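Below: the structure, in structure tokens.
The values are calculated or read from the model by the stated rules, or taken from the named source; none is laboratory data. Computed from a predicted model, the values in this text were never measured in an experiment. Don't worry about glycine lacking a Cβ; one is built from the backbone with ideal geometry, like all the others, and counts go over all protein chains shown.
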Amino acid sequence: MNKKGNTSLLYNKRLVAYSFLLPNFIGFAVFTLIPVVFALALSLMNWDGANEITFAGLKNFRELISDETFRISLLNTFYYSAGTVPLTIICSLGLALLLNQPIKGRNAIRAVYFFPYVASLVAVAVVWNMILNPTMGPVNEILQKVFHIAKPPRWSASVDWAMPTVIIVSIWKNMGYYMIIYLAGLQGIPRELYEAAKVDGAGNLQCFFRITLPMLTPSTFFVSIMLTISCFKIFDLIFVMTGGGPGRATNVLVVHAYNVAFKNFNFGYSSAISLVLFIIVLCITIIQFRMEKKWVSYF
């Protein structure tokens, strides 16, 4: 085949490849890339959605410093993330270890634990609000009648218990997905390692801490990255369960940005909040990747 034929064949292959990539890229550009770029530009503007956009410079970012609700929302976001990430990792790993054993009905149990992840989040939030209803919910009924607790928690209706309640529901909903990731990691560990350790006299705990955990560090690293990002952009569960309340007890950054944009119609300030959130998540993710070499082992 001559040079011209080779060039034509290469051009046709590239054209086919780009034709497959183009629909996905168009969707990404329309629904992600363009809105992100517009939000970055809008963070430097004043706009209420109806009148003309005017340039504001760094005014929106200066307002963040004196915005008490922003500070509370930032602390609530860290609170939610600090409570959700480690507990979800522990619960997911525990479930994976349990369901990696040859027990009866193992596949059915795995499906049961995975189901909450694919269930409608709105339905999950509404059902949990009914279960944890402080006056008519079955949980408080059991606590009062079975455990004789005179004043059980008011759960999502309490300033002190609202965030722990959201954390508990979030862990319950998401641990099935991360359990699957840990199961994949567990099944990739060579059985010969455990057999050699048993021959050397190692017990179950020693096998867990010397073999299982080190071999699962890549899975744990992936889970921690995904969980951290999802926790910092949490919105739907909190919006349905508490709406950011009671008071500002569960008002996280995304909920605050939503309220500023669609209740106060201050889209420029809302974009500034979103940009700050993006920078925080980016910095935390970079730190996690920098720390990867110190604790993640790729065997």
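The set of residues in segment 120-163 being more than 15 Å from Phe239 (Cα to Cα) and buried (at least 17 other Cβ atoms within 10 Å of the Cβ) consists of Leu132, Asn133, Gly137, Asn140, Pro152, Pro153, Arg154, Trp155, Trp161.
The lone criterion from (1) assigned to a helix (DSSP H, G or I); (2) modelled with pLDDT of 95 or more left unmet by Thr250 is number (1).
Only one entry in Ala150, Ala108 is assigned by TED's automatic domain parsing to the domain that holds Ser230, small (Gly, Ala, Ser) and not in a helix (DSSP H, G or I), namely Ala150.
Is it the case, given these coordinates, that Thr212 is among the hydroxyl-bearing types (Ser, Thr, Tyr), in the same structural domain as Asp48 (by TED's automatic domain parsing) and either part of a loop (DSSP other than H, G, I, E, B) or more than 24 Å from Gln101 (Cβ to Cβ) (or both)? No, not satisfied.
Among the residues of segment 222-271, the one identified as aromatic (Phe, Trp, Tyr), buried (at least 18 other Cβ atoms within 10 Å of the Cβ) and closer than 16 Å to Pro86 by Cα is Phe232. Here the helices (runs of 4 or more DSSP H) wholly within segment 29-104 that include at least 1 residues being within 24 Å of the chain's Cα centre (by Cα) and modelled with pLDDT of 95 or more are 68-99.
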